[in-house]
Structure formats: C-alpha cells, structure tokens
Amino acid sequence: MNSKSAFTWEKAKQVAEQIVFNNLEEHLKDIETDVLRGSWEGLTYEKMAEQYHLSVNYLRGDVGPHLWRKLSEALGEEVTKSNFKGALERGGERQQPPHIDSNVKQPKSSLAELTFPDGSVPLGSPFYVKRDALESVCYETVVKPASLIRIKAPKLMGKTSLLTRILAYAESQNCQTVYLDLSSVERAILTNLDKFVLWLCLMVGRKLKLENRLKDYWDAEILGSNYNCTVYFEEYLLPQIDCPLVLGLDEVDRIFPYNQVIEDFFGMLRSWHEKGKISEQWKKLRLVMAHSTEVYIPLDMNQSPFNAGLPVALLEFDHKQVTDLAHLHGLNWNDTQVNELMNIVGGHPYLLRLAMYEVYTTKTTLKQLLQDASTEAGIYSNHLRWYLEMLHSEETQGLKEALKKVVTSLEPVELDSMQIYKLHSLGLVHQQDNQVMPRCNLYREYFRRVL
C-alpha cells in the first residue's frame with residue numbers, strides 16, 4: 001500500500017476480520033462491524049447510537065472498548081477509536097502474500113475473490129457450494145403465502161449463507177425482506193419480552209423505512225406484549241407495504257435459555273403463521289428462521305413454530321461437493337487427498353474451507369496441515385481452544401466429562417438428552433438415535449488429549 005487513499009473501508013474491514021480470526025478464532029459481531037464502520041466515517045458514539053437505534057452507553061461502554069481490545073490483541077499494538085485506521089493498514093501490510101506451489105493451480109475465480117473463511121459466504125461468491133435441490137425447495141417455499149422455513153444445523157454449517165440466499169431470491173420475486181441477527185441483540189433486551197417485541201417492531205419498521213408509530217398502537221397498561229406486537233404488524237407494518245414481507249430471523253436459539261421470553265415469543269410466531277392461512281393481510285408475511293438445534297424447553301405443539309412449515313436440515317458436504325470445493329480453491333487434489341482431509345474433518349464446511357484456504361495461500365502442504373491439525377501448532381488451534389474454553393465455562397457445566405466419555409470410546413456413547421442436545425448444538429457430536437459420537441476425528445484427537 002503506497003498511499004493512505006488506497007486503504008479503503010472494504011480493505012480495512014477485510015483486514016480486521018481476517019486478523020481477528022487468525023489470532024483469536026473469533027468473528028467480528030455485526031454490531032462491532034457497525035461501530036468500526038461508524039468510526040471509519042468519523043461518527044461519534046452518539047451519532048452511531050442514533051443511527052443504529054442502540055443506547056450510547058452500550059456502544060461507548062461495552063461494544064467499543066471490547067472491539068478496540070480485540071483489535072489490540074490481534075494486531076499486537078494498542079488500538080483505539082482514534083488510531084485504528086493506521087493500525088489496520090500496518091496490519092494489512094504485514095500480511096504475507098499468497099504462496100503458490102505445485103499443490104495448487106490457478107483457481108477458476110481470481111485470488112481477490114478467495115477471501116478468508118470467516119463466517120457466511122457472501123452473495124455472489126463462487127465458493128458457495130449448493131446442496132443439491134435444497135435451495136430450490138426453499139426458493140419455491142418462500143414465495144408461497146404465509147410460508148415458514150426452519151433452517152437447522154450446528155454452528156459453522158452454513159445456516160446464514162443459505163438464509164441470505166433465500167432472502168435475496170425473495171427480493172428478486174418482488175418481496176420486501178428484513179434480516180435480523182439475534183446474536184447481536186443485547187441480553188437485557190432478549191431477556192425481557194416487552195423490550196424484545198418492541199425491538200422487533202422497531203427494527204422491522206426501520207428496515208422497511210417506515211415511520212416509528214409504536215406510541216400510536218402500543219397499549220402497555222391493558223394489553224400484553226404479544227397482542228401489541230401483533231396489532232402493530234397487522235394494522236400498521238403490513239398494510240404499509242404493497243408486496244409480501246419475508247422476515248429472516250438468524251440465531252433464534254439465542255432466545256432458548258430465557259424461559260420468560262421463549263414460550264410467548266415463539267407462540268406469537270406460530271399464531272402469525274396460522275393467521276396466514278385465513279387472513280389476506282397475514283398471507284403477506286413469510287418467516288425464515290435459522291437455529292442450531294431444536295428448542296429444549298417443551299412447547300405446546302400447537303403454539304410452537306418448530307413443528308410447522310418446511311424443516312431444512314443442513315448436512316455435511318459429501319465427497320463430490322468437497323472435490324468441487326477444492327477445485328474452486330485452485331487445488332489439484334485427487335480422491336486420495338480429498339479422502340485424507342475428510343478423514344480428519346469430515347464434510348464440515350468451515351473446517352474444509354479453512355484447510356483449503358491455508359493450503360492455497362501459504363506454504364503449508366496438505367500432509368503437514370493434517371499432521372498438525374489437532375495440535376497447538378495447527379491451523380485449527382484457535383477454533384479448538386474456543387471449544388475448550390466453552391467446555392470449562394459455567395454455562396456448559398457437565399459437558400466436559402460427557403464429551404470426554406464420547407471421545408475416549410470407539411463406539412457410540414449414550415448420554416442424557418440435555419447433554420446430547422448441548423453437544424450437538426455446539427457442533428461437537430453426531431447424533432445416532434440416543435447415542436452420539438465425535439463429529440470428526442479432529443475433535444476426537446484433540447479432546448482426547450486435553451480433557
């Protein structure tokens with residue numbers, strides 16, 4: 001980079017995301033990216049709070065400091081709101097250019113399109129792998145009146161990538177779409193039904209560029225939160241648009257631990273779906289939800305959205321899909337090499353993409369990568385360490401011993417239903433009826449050593 005002008009926002013964002021993931025095995029949250037963008041544009045926290053409809057104290061006292069600490073640790077120097085541009089530019093300059101050896105060939109797409117696998121695959125990316133007819137079924141469903149699609153898969157399996165494509169298709173069919181990522185919502189909002197449904201109404205209205213008229217429709221003294229929220233959609237939001245509305249809710253399992261919210265909120269979503277069968281107004285609303293696993297709090301079968309609509313389970317990639325993905329990365333791999341990688345990481349989309357990215361862009365050979373895969377020197381060390389820290393947290397009490405039992409057994413292991421639920425949700429195990437086994441040999445080897 002020879003000039004400051006060459007360092008654009010898009011380049012800064014790419015450097016920040018890649019360096020944070022390389023060093024911390026973390027993804028920048030949506031709100032952190034928003035704060036980074038706002039800071040890039042010279043906005044104060046007050047202006048950002050107004051623009052993003054969040055409290056200034058939350059941005060200044062929580063999101064901002066956490067973001068700058070994260071970048072400081074990843075870049076190895078103190079990073080603040082005032083100096084982050086220079087720090088990111090220096091970080092980008094320190095990144096090594098890709099090394100191309102005999103293991104790789106020129107990919108079908110330009111190297112500029114080969115971005116670090118740090119989350120969902122962007123729309124239009126050549127590295128998105130279609131899952132047979134799954135996308136077509138989702139596209140056919142989302143344009144139907146009052147449709148409901150439920151995308152279920154453990155973390156890092158491609159839920160968001162599919163969700164964004166469903167929304168993009170709906171837009172191409174003259175629908176309005178709203179995408180909401182619940183992982184970025186403050187806990188204080190998620191744990192309070194009144195605040196949460198107010199947030200939902202406000203965000204949908206904002207995304208639709210409609211005036212906030214909550215005061216005109218909300219009667220908190222007499223009516224309940226669900227009723228007020230339903231009225232706001234039925235009498236204001238939906239009538240204001242002259243086309244179908246597709247509401248995409250990502251990471252909905254973020255709500256699952258909060259008993260005081262989950263039953264009422266999901267009961268409301270199910271009622272909206274049922275209203276669409278008889279009401280012309282509600283036929284305009286289509287719901288697409290993405291979650292890691294089924295809700296573990298029993299819900300009335302007639303009030304749960306998790307036993308209605310189209311269920312979509314994302315499976316691991318098969319041999320052909322992995323081979324195609326390798327070719328997209330410019331890798332001259334034969335069946336033997338594909339099998340060697342799949343023997344360690346299975347068909348896990350993220351683990352596969354990370355390996356292929358590393359082989360293409362560095363001097364690492366597949367043989368060396370696999371040899372080091374489950375060690376602290378391997379490319380998966382941060383990913384594995386994140387899981388290890390998670391297993392030691394209070395939220396996952398008892399899971400460490402349960403997983404130890406799984407990885408030290410050569411046969412599938414029977415656990416209690418809650419342990420199976422949580423380990424599967426984290427993406428650490430495959431489930432076979434009431435028994436589980438490690439999701440892949442990478443997890444078996446690593447956790448057998450460290451637990």
In segment 144-189, which residue that is charged (D, E, K, R) and touching a strand residue (DSSP E or B) at 6+ places or on another chain (Cβ under 6 Å) is surrounded by the most Cβ atoms within 10 Å (Cβ to Cβ)?
-> Lys159
Among the residues of segment 330-341, how many are open to solvent by less than 10 Å² (accessible area, probe 1.4 Å) and assigned to a helix (DSSP H, G or I)?
-> 2
Is it the case that some residue within segment 339-359 is closer than 17 Å to Phe447 by Cβ and among the β-branched types (Val, Ile, Thr)?
-> yes
Could we say that Lys81 is open to solvent by 60 Å² or more (accessible area, probe 1.4 Å), over 30 Å from Lys195 (Cβ atoms) and of a type outside the set (Ser, Thr, Tyr) here?
-> no
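How many of the residues in segment 414-451 are of a type in the set (Gly, Ala, Ser) and open to solvent by 20 Å² or more (accessible area, probe 1.4 Å)?
Residues in segment 414-451 being of a type in the set (Gly, Ala, Ser) and open to solvent by 20 Å² or more (accessible area, probe 1.4 Å): 2 in total.
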Quick check: anything in segment 268-283 in a loop (DSSP other than H, G, I, E, B), farther than 27 Å from Met157 by Cβ and among the hydrophobic types (A, V, I, L, M, F, W, C)?
-> yes
With respect to the numbered conditions (1) closer than 27 Å to Asn307 by Cβ; (2) open to solvent by 60 Å² or more (accessible area, probe 1.4 Å); (3) touching a Cys at 6+ places or on another chain (Cβ under 8 Å), which one is the sole condition not fulfilled by Asp264?
-> (3)
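For segment 179-245, please list each of the helices (runs of 4 or more DSSP H) lying entirely inside it that holds at least 3 residues being under 29 Å from Leu162 (Cβ atoms).
Result: 187-190, 193-207, 225-232.
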Checked pairs for segment 175-202, first closer than 21 Å to Pro244 by Cα and of a type in the set (A, V, I, L, M, F, W, C), second assigned to a loop (DSSP other than H, G, I, E, B) and open to solvent by 40 Å² or more (accessible area, probe 1.4 Å), C-beta under 8 Å and 6 or more apart or across chains, list as Cys175/Val143; Leu202/His53; Leu202/Asn212
Which numbered condition Lys404 misses (of (1) farther than 19 Å from His27 by Cβ; (2) open to solvent by less than 60 Å² (accessible area, probe 1.4 Å); (3) at pLDDT 90 or above) = (2)
Kindly indicate the residue of segment 288-329 that is part of a loop (DSSP other than H, G, I, E, B) and at pLDDT 85 or above and also nearest to Val142 (Cα to Cα) among those meeting that condition.
-> Gly309
Report yes if some residue within segment 227-241 is touching a strand residue (DSSP E or B) at 6+ places or on another chain (Cβ under 6 Å) and open to solvent by less than 30 Å² (accessible area, probe 1.4 Å); otherwise report no.
-> yes
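Taking Lys11 as the residue in question, decide whether it is out of contact with any His (no Cβ under 6 Å at 6 or more places or on another chain), closer than 25 Å to Ile379 by Cα and open to solvent by less than 40 Å² (accessible area, probe 1.4 Å).
Criteria not met by Lys11.
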Which condition number does Arg353 fail, the rest of (1) modelled with pLDDT under 90; (2) buried (at least 18 other Cβ atoms within 10 Å of the Cβ); (3) charged (D, E, K, R) being met?
-> (1)
Would you be able to say whether some residue in segment 122-138 is over 22 Å from Asp30 (Cβ atoms), touching a helix residue (DSSP H, G or I) at 6+ places or on another chain (Cβ under 8 Å) and among the hydroxyl-bearing types (Ser, Thr, Tyr)?
-> no
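Residue by residue through segment 396-451, note down the ones that are small (Gly, Ala, Ser), closer than 25 Å to Thr375 by Cβ and touching a Pro at 6+ places or on another chain (Cβ under 7 Å).
Residue satisfying the conditions is Gly427 alone.
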Residue pairs qualifying under the 6 Å Cβ cut-off, at least six apart or on distinct chains, with the first in segment 32-56 being in contact (Cβ under 8 Å) with a residue 40 or more places away in the chain and the second being open to solvent by 60 Å² or more (accessible area, probe 1.4 Å), are Ser39/Lys81
Out of (1) among the β-branched types (Val, Ile, Thr); (2) farther than 24 Å from Val20 by Cα; (3) open to solvent by 30 Å² or more (accessible area, probe 1.4 Å), the odd one out for Ile344 is which?
-> (3)
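The values are calculated or read from the model by the stated rules, or taken from the named source; none is laboratory data. Being a predicted model, the structure only gives us computed values, none of them experimental. Don't worry about glycine lacking a Cβ; one is built from the backbone with ideal geometry, like all the others, and counts go over all protein chains shown. Note: areas computed on protein heavy atoms with side chains; ligands, DNA, RNA excluded. Shrake-Rupley method; radii C 1.70, N 1.55, O 1.52, S 1.80 Å.
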